[in-house]
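Visitor: Have a look at this one before I ask anything.
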Amino acid sequence: QVQLVESGGGLVQAGGSLRLSCAASGRTASTLTVGWFRQAPGKEREFIGGINWSGSSILYADSVKGRFTISRDNARNTVYLEMNNVRPEDTADYYCAADPKGGWSDGDAYEFWGQGTQVTVSS
């Protein structure tokens, strides 16, 4: 079993930055691919990006490419989502998920999910 806990959400002004963390615990947490998703009120869940266990492979959705950066520190069993130049449309609940059994962008493929952290971007 793997437990995921997100943190770092909050209120930020447009153009600002925020760093989210996803702390993992449990068996082989540092060996798992981790994805980041978000869901805004009234909208479908959106894949933001993912990172493999070594950090050698990282994917980003077009909507965040060039503004968001995903990284990981396996010594701390933590994956990060650095959000820069945020926009009001980035307002959402952000989730990390681990161990996809299929494509990284398919939320249904992930076995483990965190509880989410809320990000609000003011204009």
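Visitor: Would a scan of the range 59-74 turn up a residue that is modelled with pLDDT of 95 or more, surrounded by 19 or more Cβ atoms within 10 Å (Cβ to Cβ) and farther than 30 Å from residue 123 by Cβ?
Guide: Looking through the range 59-74, at least one residue is modelled with pLDDT of 95 or more, surrounded by 19 or more Cβ atoms within 10 Å (Cβ to Cβ) and farther than 30 Å from residue 123 by Cβ.
Visitor: Tell me which residues, restricted to the range 73-95, are among the hydrophobic types (A, V, I, L, M, F, W, C) and either in contact with a Lys or Arg (Cβ under 9 Å, 6 or more places away or on another chain) or under 14 Å from residue 58 (Cα atoms) (or both).
Guide: If the condition is that a residue be among the hydrophobic types (A, V, I, L, M, F, W, C) and either in contact with a Lys or Arg (Cβ under 9 Å, 6 or more places away or on another chain) or under 14 Å from residue 58 (Cα atoms) (or both), then 79, 81, 83, 86, 92 are the ones that fit.
Visitor: Something else: Can you tell me how many residues in the range 98-119 are open to solvent by less than 50 Å² (accessible area, probe 1.4 Å) and either part of a strand (DSSP E or B) or without any contact (Cβ under 8 Å) to a residue 40 or more places away in the chain (or both)?
Guide: 10
Visitor: Among the residues of the range 87-102, write down those that are touching a Ser or Thr at 6+ places or on another chain (Cβ under 7 Å) and within 17 Å of residue 13 (Cβ to Cβ).
Guide: Across the range 87-102, the qualifying residues are 88, 91.
Visitor: Something else about it: Determine the pairs where a residue that is of a type in the set (S, T, N, Q), located within the range 38-53, has a partner that is open to solvent by 80 Å² or more (accessible area, probe 1.4 Å) and modelled with pLDDT of 95 or more with Cβ atoms under 8 Å apart, the partner being 6 or more residues away or on another chain.
Guide: 39/45
Visitor: Separate question: Only one of these is of a type in the set (Asp, Glu) and within 15 Å of residue 4 (Cα to Cα): 73, 62, 108, 90. Name it.
Guide: None of the other options fit; the residue is 73.
Visitor: Being open to solvent by 20 Å² or more (accessible area, probe 1.4 Å), closer than 23 Å to residue 28 by Cβ and at pLDDT below 95, is that true of even one residue in the range 76-84?
Guide: yes
The values are calculated or read from the model by the stated rules, or taken from the named source; none is laboratory data. Source: prediction; values computed, not measured. Note that each Cβ is placed from the backbone with ideal geometry, even for glycine, and that neighbours are counted across all protein chains shown. When the accessible area is computed, the model is the full protein with side chains, heavy atoms only, and any ligands, DNA or RNA have been set aside. Shrake-Rupley method; radii C 1.70, N 1.55, O 1.52, S 1.80 Å.
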